[in-house]
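Here's the structure we're looking at; comments come further down.
Derivation of every value follows stated rules applied to the coordinates shown; laboratory data play no part. Note that the coordinates shown come from a computational prediction; the quantities given were computed from them, not determined experimentally.
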């Protein structure tokens, strides 16, 4: 087992942008805190000297695991009732990124995310028409 924080994972994926990471499973706690395109681009330009970086943090992180030829799993843990801060994309950006760039990924999601405290109701409506989407009550962790 290998455990690291999301920033180290990101940095390793930036070193070799063609090879898959060692990990096949990534767990992102507080996934609603991932950055939108603007915040990610700004950080990548200023801190990583990548002037043409133009995708959100969720899209980049998914793209890292998508490099695997066989399989990969991403678990996004989302806290409800929290204010989204400047530059944070919310859980809807993870779903938008999957819709936009990774249509073949299976999505297992809690139907509880439609509650207003999660702010993903509209994007979840779009998922209803997509294949490979599975709404599972048991994915909601109430405590």
Taking Cα atoms only, helix 57-66 is inclined relative to the longest principal axis of the chain by an angle, in degrees rounded to 10, of 80 degrees
For the chain, the longest principal axis of the Cα atoms and the Cα long axis of helix 37-48 enclose an angle in degrees, to the nearest 10, of 30 degrees
Note on the chain: C-alpha Rg/Rh, Kirkwood Rh, two decimals, gives 0.95
Full extension between residue 17 and residue 135 adds, at 0.36 nm per residue less the Cα distance, a length in nm of 39.3 nm
Relative contact order in percent for the range 1-64 (Cα pairs under 8 Å, 6+ apart) equals 29 percent
The helix 6-15 Cα axis meets the longest alpha-carbon principal axis of the chain at an angle in degrees, between 0 and 90 and rounded to 10, of 40 degrees
Note on the range 35-139: contact order normalised by length, alpha-carbon pairs under 8 Å, 6 or more apart, percent, works out to 23 percent
Helix-only [θ] at 222 nm, the chain, -39500 (n - 2.57) per DSSP H run of 4+, per residue, nearest 500, equals -10500 deg cm²/dmol
